[in-house]
Amino acid sequence: MQVLSTDIADVKILIPDKFGDPRGYLSETWSVRGLEAAGIGCGFVQENHTLSNAAGTIRGLHYQIPPSAQDKLVRVLRGRMLDVAVDIRRDSPTFGRHVCVELSPENRKQLFVPVGFAHGFATQEANTEVLYKMSGYYSTEHERGILWSDPALGIEWGISEAEAVVNVRDAGFPRLSEAVDLFGC
């Protein structure tokens, strides 16, 4: 597995090796040993699979607070999307900064989003399917969010606010400056 650094050290891009023959291919998308070799020591306990029908669907920016905070490993099974991780650790030198990575089956990239980051994505094709593993169980009580279109974040989603397909809950999240349950001091 190839591990690429990003502009924020704790966020990693993982590209699994692919072994093919005339029948097709095999790719080991994650393993505990592979993650530990990359300096990622988390145990996944839950896996979610989403389907977004329309291109321009926005999901996020989501996170969970302790004791239900989650590391995530995200990949696309079908379609394409822009995956985003925003540093919401108040004591971090990269607080408020983000990493954006295009994920697709063709590029085989996966994004590792550690605890202390809000996560979201924008689909770039219709019928985009996403699979993500999490190190903590989902908890409605501990789920929080940041407004995906907060201008202070400066995220280039590749879609206008008017064209974005966003649910009511995500559209109602506070801006980063107004969020109260962030990480750190």
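Each value in this text was obtained by applying a stated rule to the coordinates, not by laboratory testing. On a predicted model such as this, the values are computed, not experimentally measured, just so you know. Don't worry about glycine lacking a Cβ; one is built from the backbone with ideal geometry, like all the others, and counts go over all protein chains shown.
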- Pick from region 118-159, criterion of a type in the set (A, V, I, L, M) and not in a strand (DSSP E or B), ranking: farthest from Asp181 (Cα to Cα): Ala126
- Residue that is surrounded by the fewest Cβ atoms within 10 Å (Cβ to Cβ), among those in region 38-72 that are of a type outside the set (A, V, I, L, M) and within 14 Å of Gln124 (Cα to Cα): Asn53
- Please determine, by comparing only the residues of region 168-185 that are free of Cβ contacts under 8 Å to residues at least 40 places away in the same chain and assigned to a loop (DSSP other than H, G, I, E, B), which one is surrounded by the fewest Cβ atoms within 10 Å (Cβ to Cβ). Val180
- Which residues, counting only those in region 48-79, are in contact with a helix residue (DSSP H, G or I) (Cβ under 7 Å, 6 or more places away or on another chain) and either small (Gly, Ala, Ser) or free of Cβ contacts under 8 Å to residues at least 60 places away in the same chain (or both)? Gly60, Ser68
- Query: List pairs: first in region 11-38 and more than 23 Å from Pro114 (Cα to Cα), second surrounded by fewer than 11 Cβ atoms within 10 Å (Cβ to Cβ) and of a type in the set (A, V, I, L, M, F, W, C), Cβ under 7 Å, 6+ apart or cross-chain?
  - Reply: Tyr25/Phe19; Leu26/Phe19
